[in-house]
Amino acid sequence: QVRLVESGGGLVQPGGSLRLSCAASGSILAYWTMAWYRQAPGKQREWIASITPAGTTNYADSVKGRFTISRDIANTVYLQMNSLKPEDAAVYYCNRLGTYFNWGQGTQVTVSS
């Protein structure tokens, strides 16, 4: 059974940066297109970025140019978030694109001055 653990969230001022990590056990993430999603209060979970096994990346328009998704050989997927805005505040999750593993607990990102 795959277990995903997100970390790295926190409180940051507008314009600041955070780096989120997603560690997995039970599967080799490099086999899959992995993605980051987020869910703000009262809103549906939304896809924001994905990375294929070959390293091709895609981003939602709302984060393009500010966020970068990456992965390493240690079975971890990252999301570097720069120039954060208040509207980026949400719980962030990672998962396989399309056919989901069990969801992790997510990591809270708060953007506020």
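The values are calculated or read from the model by the stated rules, or taken from the named source; none is laboratory data. Source: prediction; values computed, not measured. A quick note on method: Cβ atoms are made from the backbone with ideal geometry, for glycine too, and the neighbour counts reach across all protein chains shown. In case anyone asks, the SASA skips ligands and DNA or RNA and just uses the protein heavy atoms, side chains included. Shrake-Rupley method; radii C 1.70, N 1.55, O 1.52, S 1.80 Å.
Tabulated data
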| read-out | value |
| --- | --- |
| The chain, accessible area per residue, ligands and nucleic acids excluded (1.4 Å, Å²) | 52 Å² |
| Counted charge near A90, where neighbours are those whose Cβ lies closer than 13 Å (Asp, Glu -1; Lys, Arg +1) | 0 |
| Backbone N within the range 18-45 under 20 Å of label point (7 Å from V2 Cα along the Cβ vector) | 20-39, 45 |
| Portion, in percent, of the accessible area of the chain that falls on carbon or sulfur, probe 1.4 Å | 50 percent |
